[in-house]
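Below: one structure, written as structure tokens.
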Amino acid sequence: MTESPSSEPEPPSPKPRAAAGNGMRLVVPLQGVVQGRGGLILGSLIPCALFYFLQLYLKRHRSPKPPASSSNPPSPSSSSPNLGDLARTSSRSNLLGRGSIVPVRLSSRGMAIAKPNDSPYYVGLDKVAGDRFHRVDNPEGIIQLGLSENTLCFDLIERWMKENLMDSLMGGDGAELSINGMATYQPFDGLMELKVAMADFMSRVMGKGVSFNPSQMVLMAGATPAIEILTFCLADHGNAFLIPTPYYPGFDRDIKFRTGVELIPVHCRSTDNFMLTVTALDQAYNQARKRGLKVRGILFSNPSNPVGNILSRETLYELLDFAQEKNIHIISDEIFAGSLYGTAEEFVSVAEIIEGEEFDKSRVHIIYGLSKDLSLPGFRVGVVYSYNENVLAAAKRLTRFSSISAPTQRLLISMLSDAKFIEEYIETNRKRIRRMYDLFVGGLDQLGIRCAKSSGGLYCWADMSVLIALYSEKGELELWDKLLNVGKVNVTPGSACHCIEPGWFRCCFTALAEEDVPLVMERIGKVAEMCKSGH
Amino acid sequence: MAIELEQQPKPAAVALSRIAVSETHGEDSPYFAGWKAYDENPYDELTNPSGVIQMGLAENQVSFDLLEDFLERHSEAATWGKGATAGFRDNALFQDYHGLKSFRGAMASFMEQIRGGRARFDPDRVVLTAGATAANELLTFILANPGDALLIPTPYYPGFDRDLRWRTGVQIVPIHCHSSNNFQITESALHAAYDDAVSRGLTVRGVLITNPSNPLGATVQRAALEQILDFAVEKNIHLVSDEIYSGSTFSSAEFVSIAEVLESRGSRHVDRERVHIVYSLSKDLGLPGFRVGTIYSYNDAVVTTARRMSSFTLISSQTQHLLACMLSDEEFTANYVKTNRERLRRRYDVIIAGLRRAGIECLRGNAGLFCWMNLGPLLKESTKEGELALWNLIVRDVRLNISPGSSCHCSEPGWFRVCFANMSEATLDVALDRLHRFVDQYRRTGSS
């Protein structure tokens with residue numbers, strides 16, 4: 001159901017011009033002839049007539065001939081070389097005079113991306129952009145719950161900036177702002193100091209159960225290029241990754257767009273709280289094999305997006321065993337590792353599981369970034385962490401297309417090395433996410449809407465199936481539409497995430513202020529009432 | 001009895017993709033051996049005066065003082081307004097692939113200024129990427145299918161072999177240029193390249209030119225631009241003009257952008273729909289570390305598609321904000337562009353004079369951060385091997401890392417690209433001195 005890029009290039013069509021109407025008047029009455037009622041003679045006359053009319057049309061609409069070369073004086077130049085003859089031959093100017101009828105083409109990849117994206121995920125984001133809620137300036141606007149952003153701790157970052165920014169850019173001793181160090185070409189895969197700082201941050205954020213080695217890290221401009229670069233390294237065009245559903249809608253674009261790698265859904269169900277099982281994985285793997293698809297790896301998000309549950313140690317062990325047995329890769333997207341609010345379970349990184357174990361580590365890779373846990377999506381910081389030297393070497397070379405800007409690296413080295421600040425940030429962030437989670441999920445609960453059990457992420461996974469008339473994707477999208485256009489609340493429908501059960505919605509709550517929560521509940525409640533009374 | 005240890009079969013190593021193991025990154029070529037030599041023994045005026053001088057890196061360090069001066073006087077660029085935080089929050093969250101409007105506007109006016117106001121740029125056609133490397137690759141993804149071909153005049157930037165081909169699967173077919181007409185692109189060369197591609201069963205999707213040229217260090221003449229555009233229209237293919245060195249032309253009047261050619265033709269649709277310009281701040285502004293590139297396309301579908309694809313290569317919002325401040329200051333940019341040009345011209349004059357004293361001639365250049373030096377007369381044999389042998393001597397014994405023409409696919413052996421803007425004037429003098437002594441010795445004895 002998700003928009004998957006088609007690989008069919010559109011056939012070149014004649015350029016539409018004002019005179020197209022003339023063409024249409026010819027074509028319609030000819031339809032009957034073309035469909036076989038006119039016979040062979042007309043069948044050959046018509047194309048000739050069309051050709052004649054086409055020539056006539058072109059003659060009338062020929063573009064003005066390009067100016068003769070004498071009207072384009074050669075540019076004055078002291079280095080003007082003694083040029084060979086560059087005059088155009090007359091036969092070529094005639095061709096030019098006619099003008100092109102066929103528009104210049106884009107590649108198949110280009111065509112696919114040029115098409116408007118009608119996934120509700122993107123449609124919703126666009127709508128909010130045009131009418132964003134603001135408590136004072138636009139109180140009737142759409143409240144954004146469809147983008148997993150966290151604004152709960154900006155006050156902490158702003159305070160740090162006030163106290164430290166100028167020093168961080170100038171090197172700390174009040175010396176003159178020298179851009180010499182950051183202007184020149186830097187290693188494309190990130191400064192070692194930043195890798196060291198990131199390794200430390202990742203370790204802190206993931207509960208200090210594991211330490212990360214900066215030499216196993218490759219940095220690039222966001223988790224978006226990180227996952228794409230890793231995909232380019234692990235799989236060929238036409239190969240596939242297994243991925244548990246529901247999953248982050250962006251993966252359909254990030255992974256498939258340019259690499260040509262397929263995503264095979266491994267469906268998870270509410271009865272398992274949408275937890276991945278090896279049985280489902282095995283089934284999906286075998287089905288893929290039957291279809292002739294080569295599976296190169298398993299990709300999962302932990303904490304998961306959009307559900308927010310975290311994988312247990314046992315499940316991680318099982319996944320590693322499975323990957324070893326099938327000789328495929330494991331990609332663990334741990335970008336929400338620091339955005340935990342649950343108290344029942346502890347997050348365990350796959351890095352912690354394989355430390356000191358007998359697993360073949362060369363198949364394990366981790367994706368990380370600062371867009372979620374440090375709320376800095378604009379700064380573009382992503383990580384590929386791998387135990388495979390060859391992957392690291394290849395990924396490193398590919399970062400030339402997506403490097404982190406030097407001033408940003410400088411700023412982050414400073415911020416991430418401030419251990420005291422980072423500790424305070426991580427702890428406060430968790431507390432505030434927890435608070436918002438309680439408020440939000442509690443609010444939904446009061447409306448009779450239950451959420452899946454979850455421990456992390458910036459969102460909850462809400463079951464609104466009681467509200468939909470038709471228990472189907474169609475019914476779900478109707479509800480989504482009502483919520484967006486009547487309730488003026490943008491949430492992400494489960495179908496955009498490939499969820500196999502209709503009626504689930506992802507609601508991000510960390511870009512809200514506490515005082516906005518009652519308003520959100522009021523709006524959702526209104527829509528809920530509408531649905532219950534059969535509207 | 002000895003216990004027989006059972007040999008456990010080693011589990012099959014997990015495989016990587018073809019792209020990961022391919023050699024298309026080119027890092028094993030001789031071109032990069034020179035870099036390694038530099039990395040292992042870099043020249044330093046005080047601490048390592050006999051080290052390798054890096055003359056293979058086209059970086060512009062001659063105008064840093066101007067940038068630093070600006071930043072000092074305008075600290076709000078480096079911060080986010082008063083008290084360092086006013087605009088911070090929105091900026092930190094901003095990851096829209098449209099890019100900061102203020103920054104796009106600033107890039108558009110900067111590009112106009114470089115062209116002396118002879119062309120107009122619409123900020124809504126500016127697509128931002130993390131560097132021109134990304135911009136060129138992105139355009140290749142959009143304009144050509146795997147297995148298709150782009151025509152590129154030789155000699156060309158060695159990085160294209162990697163940047164345009166590696167992940168895209170697109171091929172490069174050379175348009176051969178010769179010293180007999182100063183390596184200018186001719187109509188017959190264009191056609192010959194096209195026909196060559198077709199005979200090999202390749203679909204040609206576009207021509208990619210670099211103007212001013214790397215490695216020639218010379219602008220493309222207006223008449224040639226007209227020819228190339230006509231050719232592209234005739235074959236109904238795209239034209240990509242990489243104008244990354246446009247602000248490094250020694251005099252503004254000598255550079256003609258494809259944008260000017262388009263406008264002089266009344267911006268006809270048949271021309272516009274196929275023209276795309278690549279630009280970056282890595283050379284003109286000397287900020288390669290900032291990773292700032294742009295695609296300017298006259299084709300709406302390309303703009304839309306490039307924008308979406310730029311998600312993989314966005315510019316940090318912090319950097320966009322900083323540069324928006326800098327580049328919208330027209331007094332600053334006018335002065336910068338003018339001063340930068342003058343300083344580059346002076347450097348160029350120094351190196352040309354120095355080489356001439358050593359009896360070495362260069363192609364007459366008028367732009368860029370390098371000159372195109374002719375050591376053909378010194379080659380023992382006029383072949384690629386002869387050129388590489390000489391190059392090896394220069395890297396190893398003279399300790400200068402220069403770029404051999406063969407790595408730029410030059411059809412004639414003996415040409416070398418020599419960068420002059422990434423070092424102090426004193427270092428340049430040392431390099432020239434070394435080269436002079438080497439050439440003297442070599443001419444006399446046939447060795448260094």
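The values are calculated or read from the model by the stated rules, or taken from the named source; none is laboratory data. Quick caveat: nothing in here was measured; it's all calculated off a predicted structure. Note that each Cβ is placed from the backbone with ideal geometry, even for glycine, and that neighbours are counted across all protein chains shown.
Among the numbered criteria (1) touching a helix residue (DSSP H, G or I) at 6+ places or on another chain (Cβ under 7 Å); (2) within 8 Å of another protein chain (Cβ to nearest Cβ), which single criterion is violated by B:Asn181?
It fails just one condition, (1).
Can you pull out the residues in the stretch B:162-185 that are β-branched (Val, Ile, Thr) and surrounded by fewer than 21 Cβ atoms within 10 Å (Cβ to Cβ)?
B:Ile172, B:Val173
Restricting to the stretch B:352-375, what's the tally of residues that are within 23 Å of B:Leu388 (Cβ to Cβ) and among the β-branched types (Val, Ile, Thr)?
Of the residues in that region, 1 qualify.
What pairs can you find where one residue is in the stretch B:264-290 and more than 8 Å from chain A (Cβ to nearest Cβ) and closer than 20 Å to B:Arg120 by Cβ, the other is charged (D, E, K, R) and not in a helix (DSSP H, G or I), and their Cβ atoms are less than 7 Å apart, with a gap of 6+ or different chains?
Sorted first by the residue in the stretch B:264-290, then by its partner, the pairs are B:Asp271/B:Arg265; B:Ile277/B:Glu243; B:Val278/B:Asp242; B:Val278/B:Glu243; B:Tyr279/B:Glu243.
Going by the conditions given, is A:Leu299 closer than 25 Å to A:Asn117 by Cβ, in contact with a strand residue (DSSP E or B) (Cβ under 7 Å, 6 or more places away or on another chain) and either within 14 Å of chain B (Cβ to nearest Cβ) or surrounded by fewer than 23 Cβ atoms within 10 Å (Cβ to Cβ) (or both)?
For A:Leu299, the condition - closer than 25 Å to A:Asn117 by Cβ, in contact with a strand residue (DSSP E or B) (Cβ under 7 Å, 6 or more places away or on another chain) and either within 14 Å of chain B (Cβ to nearest Cβ) or surrounded by fewer than 23 Cβ atoms within 10 Å (Cβ to Cβ) (or both) - is not met.
Is it the case that some residue within the stretch A:389-397 is more than 7 Å from chain B (Cβ to nearest Cβ) and buried (at least 23 other Cβ atoms within 10 Å of the Cβ)?
Yes: one or more hits.
Just one of the numbered conditions (1) of a type in the set (Ser, Thr, Tyr); (2) part of a helix (DSSP H, G or I); (3) more than 18 Å from A:Leu147 (Cα to Cα) is not true of A:Tyr471; which one?
(2)
Kindly indicate whether B:Leu369 is modelled with pLDDT under 95 and either under 23 Å from B:Gly117 (Cα atoms) or among the hydrophobic types (A, V, I, L, M, F, W, C) (or both).
When the stated conditions are applied, B:Leu369 does not pass them.
Is it the case that some residue within the stretch B:327-336 is within 14 Å of chain A (Cβ to nearest Cβ) and at pLDDT 95 or above?
Scanning the stretch B:327-336, I find at least one residue that is within 14 Å of chain A (Cβ to nearest Cβ) and at pLDDT 95 or above, so the answer is yes.
Scan (1) buried (at least 24 other Cβ atoms within 10 Å of the Cβ); (2) among the aromatic types (Phe, Trp, Tyr); (3) part of a helix (DSSP H, G or I) for the single condition A:Tyr385 breaks and write down its number.
All conditions are met except number (3).
Please go through the stretch B:237-263 and pick out each residue that is touching a helix residue (DSSP H, G or I) at 6+ places or on another chain (Cβ under 9 Å) and more than 28 Å from B:Leu57 (Cβ to Cβ).
If the condition is that a residue be touching a helix residue (DSSP H, G or I) at 6+ places or on another chain (Cβ under 9 Å) and more than 28 Å from B:Leu57 (Cβ to Cβ), then B:Ile237, B:His238, B:Leu239, B:Ala259, B:Glu260, B:Val261, B:Leu262 are the ones that fit.
Quick check on A:Asp189: is it modelled with pLDDT of 95 or more and either away from every other protein chain (no Cβ under 12 Å) or more than 30 Å from A:Ser455 (Cβ to Cβ) (or both)?
yes
Step by step: first the residues of the stretch A:261-288, then only those that are over 27 Å from A:Cys460 (Cα atoms) and hydrophobic (A, V, I, L, M, F, W, C), then the one that is surrounded by the fewest Cβ atoms within 10 Å (Cβ to Cβ). Which residue is that?
For the stretch A:261-288, the residue satisfying everything is A:Ala288.
Condition first: modelled with pLDDT under 95, at negative phi and over 25 Å from the mean Cα position of the chain (by Cα). Now tell me which residues in the stretch A:205-232 satisfy that.
Hits for the stretch A:205-232 are A:Gly209, A:Val210, A:Ser211.
Take A:Asn273 and decide whether it is touching a residue at least 60 places away in the same chain (Cβ under 8 Å) and either in contact with a helix residue (DSSP H, G or I) (Cβ under 6 Å, 6 or more places away or on another chain) or at positive phi (or both).
yes
Take A:Phe347 and tell me if it is away from chain B (no Cβ under 14 Å) and either buried (at least 17 other Cβ atoms within 10 Å of the Cβ) or in a loop (DSSP other than H, G, I, E, B) (or both).
Criteria met by A:Phe347.
Could you list all residues from the stretch A:231-278 that are part of a helix (DSSP H, G or I), within 13 Å of another protein chain (Cβ to nearest Cβ) and among the aliphatic types (A, V, I, L, M)?
Within the stretch A:231-278, A:Leu234, A:Ile255 qualify.
Kindly establish whether B:Leu143 is touching a strand residue (DSSP E or B) at 6+ places or on another chain (Cβ under 7 Å), within 9 Å of chain A (Cβ to nearest Cβ) and closer than 27 Å to B:Phe290 by Cβ.
Yes, satisfied.
Identify, by number, the condition in (1) within 14 Å of chain B (Cβ to nearest Cβ); (2) touching an Asp or Glu at 6+ places or on another chain (Cβ under 9 Å) that A:Arg313 doesn't meet.
Failed condition: (1).
For the stretch B:236-260, name all the residues that are surrounded by fewer than 20 Cβ atoms within 10 Å (Cβ to Cβ) and free of Cβ contacts under 8 Å to residues at least 60 places away in the same chain.
B:Asn236
Residue under question is A:Val218, and the condition is that it be more than 8 Å from chain B (Cβ to nearest Cβ) and either in a strand (DSSP E or B) or within 26 Å of A:Leu147 (Cβ to Cβ) (or both); does it hold?
It is true that A:Val218 is more than 8 Å from chain B (Cβ to nearest Cβ) and either in a strand (DSSP E or B) or within 26 Å of A:Leu147 (Cβ to Cβ) (or both).
Is it true that some residue in the stretch B:166-175 is over 30 Å from B:Arg364 (Cβ atoms), within 13 Å of chain A (Cβ to nearest Cβ) and part of a helix (DSSP H, G or I)?
Looking through the stretch B:166-175, none of the residues is over 30 Å from B:Arg364 (Cβ atoms), within 13 Å of chain A (Cβ to nearest Cβ) and part of a helix (DSSP H, G or I).
Can you tell me which residue in the stretch B:359-368 is nearest to the other protein chains (Cβ to nearest Cβ), limited to those that are assigned to a loop (DSSP other than H, G, I, E, B) and buried (at least 19 other Cβ atoms within 10 Å of the Cβ)?
B:Asn366
Could you check the stretch B:147-161 and list, in sequence order, the residues that are more than 8 Å from chain A (Cβ to nearest Cβ) and of a type outside the set (Val, Ile, Thr)?
Once the filter is applied, which keeps residues that are more than 8 Å from chain A (Cβ to nearest Cβ) and of a type outside the set (Val, Ile, Thr), the stretch B:147-161 yields B:Gly147, B:Ala149, B:Leu150, B:Leu151, B:Pro153, B:Pro155, B:Tyr156, B:Tyr157, B:Pro158, B:Gly159, B:Phe160, B:Asp161.
Given the residues B:Leu355, B:Leu323, which is the only one that is crowded, with 20+ Cβ neighbours inside 10 Å and within 14 Å of chain A (Cβ to nearest Cβ)?
B:Leu323
Out of the residues in the stretch A:499-535 meeting the condition of being in contact with a Lys or Arg (Cβ under 9 Å, 6 or more places away or on another chain) and within 25 Å of A:Pro246 (Cβ to Cβ), tell me which one is surrounded by the most Cβ atoms within 10 Å (Cβ to Cβ).
Residue satisfying both the conditions and the ranking: A:Thr510.
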